[in-house]
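Taking it in order: structure first as structure tokens, then the write-up.
The values are calculated or read from the model by the stated rules, or taken from the named source; none is laboratory data. From a predicted model like this one, the values you see are computed outputs, not experimental measurements. For neighbour counting, all protein chains shown are included, and Cβ atoms are generated from backbone atoms with ideal geometry for every residue, glycine included.
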Amino acid sequence: MIQETVGSAKAPGAARGGRLPKINPVFFVLAALLVAITLSNPNFVEPTGYMNFLKRAAPLAILAAGQIYVIVSGGFDLSVGSVITLTVVGSSVLLNNNADATWWVIPVMYAVGLAVGVVNGLVVSYLRVPSLIATLGMMITLNGAAFMWSSGSPRGYLPETFRFFGRTNIQGIPLIQFLPVALLVLIVVGLCLFWLMHRTNLGRLLHAIGDNPRAAQMSGVPLERVRIIAFVISSLSAVTAGILLGGFAGVSTDVGVGYELQAITACVIGGAQLLGGRGSVPASIAGALTLTAIFTLLNFIGLPKPVRDVVQGVILIVAVVLATYRRNRAGGT
Amino acid sequence: MISPAIEMRGITKSFPGVKALKSVSFSAYPGEVHALAGENGAGKSTLMKILSGVYRLDGGAVVVGGEERHFSHPLEAIRAGIAVIYQEFSLLPERTVAQNIFLGREPTRLGLIDHKAMNAEARRVLALFGSAHRIEPDTVVADLDVASQQLVEIAKAVSLDAKVIVMDEPTAALNEAECEVLFGLVDTLKKRGVAIVYITHRMREITRLADRVTVLKDGETAASFDHVPEPDTIVRAMVGRDIGDFYAAPATPQEIGEVVLSVRHAGNERLKDISFELRAGEIVGFAGLQGAGRVALAQAIFGFAPFTEGEVELAGKPARFTNPRDAIRAGIGLLPGDRKAEGLVLMQSVSDNGLLTARALSGLAGKADATPFASAEEMDKLLHELDVRAGSFSQEIKALSGGNQQKAIVARWLALAPRLLIFIEPTRGIDVNAKAGIYHLMRDLARKGTAIMMVSSDLPEVLGAADRILVMRAGELVAAFPRGVSEADVMLAATGEEAVAA
């Protein structure tokens, strides 16, 4: 994983500061959890152990890497879970058990994702609806749409050509034996989103509008355009996550349920500022891995799903409290 | 011989890593105004916070009415008759004037709040300042203007029977006319035998009000005067150097060039029939009262609150912009008056703040550290040239002083090399040394051919730094003066009393 401290500006002036770059604590937490998992299940250090872990975490990690764009810009995207559902259900309907249709169904799903992102962005930017409400409305709408599209009874089958991305392992790789395609997708998407957020003008402008939209506007930042792009990136990452999930989960109208909050939790664990202005793609991916690691550990211990929900809720709150505490201690004025 | 109302002897206070005050002594007698001057960070506020019980002292003694006291809570200080009026008011905006004045000690009748008695008493206190008609006790505080709110703060202090009133830069948010009201109030309080500690770094206020002056610098008493010395003497004590070159030299006729901006009969709902020209190489100051339309004019030119009528040309091309982005593209820059709300992205680095506009006008997918306008290295160089003091340009801008923040915003615009740069309240909240830096910077820019529009409520600043002065009143341009005009003439034009006098 690329080590990138949260919000660190890559100015060459960094060298002059004489301050050590702060490493985001999420990486230590993740490392500690991985050690804990290994202790409770020594098989984890085998390729089958950690590769399956990464494969399982990939959809959430991709989702978090997209969600962080909206969070940094000062909003939330609650519609991503329903975009996942729509992707899985919609693909199964369009594919209609025809393996040859995959090549055009996937672009169609990305087009749908693009449209959802644009609508979210337009509603938030021009109709001035708070993103929490706008994307909540979108979530309810899309869940309903997915249900209607599948006539309430989704086909429980996706052809192998579609499931390739989420399910296949590339065999015969030295050292690690095999490489899941899902992990490959995560690496590619992660690198692209890292570059876009931390190396381009878009990334710095996202930070600016999340930090102080009025100052950004007075400085010539095209607020609406930047904000719409953030929602589009989040939606497209949700379509990607949906394609991966379709690969290893079955088709149902609740595949995406809860993913929006898990993605937001992952970003917060990664140290993102909830009201915008600060956040990092690698740290959000690490946050997603951390969350998955916690769930894995709870699974090993044998705790049921409701306990997982309680834990996730507590983590979300604790992460926000810790982030606030850390920022206050770090000073400022 | 009267004894002092308060006396602070050899006060020492340290914060982790900083010695904020080193053996500072200070006193205030009943019926006098003792001005406490010094740059930002000199220790003025710390000293007053010790007096009012917000901080505990590390060494020294606070004597109130001849008795040594150790306040551990602001309430104890208030009970001992010490009231502090901070820059940020402590009024409850949704309550009435009377409710605020009697907060926590409302008069009761049969266990219920006696509104009648409360309003009557509030009116009596307000009448002491001749403001019973201006402010009704049952007005909600949020509906009052800043000056009136301050009056309510002072009324509250008086009704508490304060022997000592500390005013922390009370004119920071006031315009000229409101300042006069405040000065009158200070005179009234003085006559009533209140000891007033007046914190400011404006020389005009010291000359107008003070009986004695103490200057703090770096936590120590730099100078103490039992009279009011020449402003130069005070400023020298404050900054530790001579300030003969406080303002930069004016433009010579050769330096003034082509017309950059020409506005003809332009207006919108806040501006009426505005016509003027700005030339390359000149600094034009815009004076006027708060709400006279100076900021509205700047925002109209910048496309933030656009003109709805008239013609505007920038370097000969039509320039009625409807959003800041278009205005910036055409070569207009604006430094907002409220840096925190409109200028800075506080959580981002100094360098990011400098590069913000360069990035905003470059392609979204372009490299953030190499915009066509400036690379990250060039921005660092520019920040260095402007002498922005920061541990590192990659640290958050939040921790920088106002002057350094302002210079970072200047750097943002310099990277774009605008034809016209609009400064709104360029030195608000900036200490004296940094002020001089900003004036010289403006002049250097003008020398390089930029037209500079300076909107400022600090009249001496407008008179000192501008080549020409335009005065606005009620949304109109009412007067134009050359350099060297007197403060009184500008004030008359700004308040509109000219017509009466004539």
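What to note about this one:
- Long-range neighbours under 6 Å by Cβ, at least six apart or interchain, first residue closer than 14 Å to A:PHE194 by Cα and away from chain B (no Cβ under 14 Å) within the stretch A:275-295, second of a type in the set (S, T, N, Q) and in a loop (DSSP other than H, G, I, E, B): A:ALA283/A:ASN24
- Residues that are at pLDDT below 90, in a helix (DSSP H, G or I) and in contact with a Gly (Cβ under 9 Å, 6 or more places away or on another chain), drawn from the stretch A:27-64: A:PRO42, A:ASN43
- Selected residue (criterion: farthest from B:LEU420 (Cα to Cα)) from residues of the stretch B:452-467 that are out of contact with any Gly (no Cβ under 7 Å at 6 or more places or on another chain) and part of a strand (DSSP E or B): B:VAL455
- In the condition set (1) over 20 Å from B:VAL186 (Cβ atoms); (2) in a loop (DSSP other than H, G, I, E, B), B:PRO30 is compliant with all but (1).
- Residues (out of contact with any strand residue (DSSP E or B) (no Cβ under 7 Å at 6 or more places or on another chain) and either farther than 21 Å from B:LYS44 by Cα or not in a helix (DSSP H, G or I) (or both)) located in the stretch B:183-203: B:GLY184, B:LEU185, B:ASP187, B:THR188, B:LYS191, B:ARG192, B:GLY193, B:ARG202
- Residue satisfying condition, being more than 14 Å from chain B (Cβ to nearest Cβ) and either touching a Cys at 6+ places or on another chain (Cβ under 9 Å) or modelled with pLDDT under 85 (or both), within set A:GLY246, A:GLY270, A:GLY250, A:GLY332: A:GLY250
- Residues in the stretch B:174-213 that are out of contact with any Gly (no Cβ under 8 Å at 6 or more places or on another chain) and within 20 Å of B:LYS49 (Cβ to Cβ): B:ILE196, B:VAL197, B:TYR198, B:ILE199, B:THR200.
- Every residue from the stretch A:284-305 that is within 15 Å of A:LEU261 (Cα to Cα) and surrounded by fewer than 14 Cβ atoms within 10 Å (Cβ to Cβ): none
- When B:ALA251, B:ALA305, B:ALA280, B:ALA327 are checked against the criterion of being free of Cβ contacts under 8 Å to residues at least 60 places away in the same chain, in contact with a Gly (Cβ under 8 Å, 6 or more places away or on another chain) and on the phi < 0 side of the Ramachandran plot, B:ALA327 stands alone in meeting it.
- Meeting the requirement of 1 or more residues that are out of contact with any Leu (no Cβ under 9 Å at 6 or more places or on another chain), within 10 Å of chain A (Cβ to nearest Cβ) and within 17 Å of A:ASN212 (Cβ to Cβ), the helices (runs of 4 or more DSSP H) wholly within the stretch B:337-450 are B:350-360.
- Residue ranges of helices (runs of 4 or more DSSP H) in the stretch A:112-225 with at least 3 members within 20 Å of the chain's Cα centre (by Cα) and within 14 Å of chain B (Cβ to nearest Cβ): A:181-199, A:201-211
- Of everything in the stretch B:58-77 that is crowded, with 19+ Cβ neighbours inside 10 Å and outside any loop (DSSP other than H, G, I, E, B), the residue that is nearest to the chain's Cα centre (by Cα) is B:ALA77.
- A search for C-beta distances below 6 Å between a residue of the stretch A:118-147 that is surrounded by 13 or more Cβ atoms within 10 Å (Cβ to Cβ) and any residue that is among the hydroxyl-bearing types (Ser, Thr, Tyr) and part of a helix (DSSP H, G or I), counting only pairs 6+ apart in sequence or on different chains, returns A:ASN120/A:THR135; A:VAL124/A:SER131; A:MET139/A:SER82; A:LEU142/A:SER82; A:ASN143/A:SER82; A:ALA146/A:THR85.
- Tally of residues being among the hydroxyl-bearing types (Ser, Thr, Tyr) and closer than 15 Å to A:GLY242 by Cα across the stretch A:102-139: 2
- Filter result for B:THR371 (modelled with pLDDT of 95 or more and buried (at least 23 other Cβ atoms within 10 Å of the Cβ)): no
- Residue list for the stretch B:327-336, filter: at the interface with chain A (Cβ under 9 Å from one of its Cβ atoms) and either among the acidic types (Asp, Glu) or part of a helix (DSSP H, G or I) (or both): B:ALA327, B:ILE328, B:ARG329
- Taking the stretch B:308-324 as the range and being under 17 Å from B:GLY267 (Cα atoms), touching a residue at least 12 places away in the same chain (Cβ under 8 Å) and more than 9 Å from chain A (Cβ to nearest Cβ) as the test, the residues that pass are B:THR308, B:GLU309, B:GLY310, B:GLU311, B:VAL312, B:GLU313, B:LEU314, B:ALA319, B:ARG320, B:PHE321, B:THR322.
- Condition met for B:LEU185 (surrounded by 20 or more Cβ atoms within 10 Å (Cβ to Cβ) and free of Cβ contacts under 8 Å to residues at least 40 places away in the same chain): no
- If you filter the stretch B:34-55 down to residues that are free of Cβ contacts under 8 Å to residues at least 40 places away in the same chain and farther than 23 Å from B:LEU209 by Cβ, you find that the one that is surrounded by the most Cβ atoms within 10 Å (Cβ to Cβ) is B:GLY53.
- The residue pairs whose first member lies in the stretch A:205-223 and is more than 19 Å from A:TYR69 (Cβ to Cβ), whose second member is in a helix (DSSP H, G or I) and polar (S, T, N, Q), and whose beta carbons are closer than 6 Å, counting only pairs six or more residues apart or on different chains, are A:SER219/B:THR357; A:GLY220/B:THR357.
- Within the option set B:VAL194, B:VAL125, B:VAL158, B:VAL140, being surrounded by 18 or more Cβ atoms within 10 Å (Cβ to Cβ), modelled with pLDDT of 85 or more and not charged (D, E, K, R) holds for one residue only, B:VAL194.
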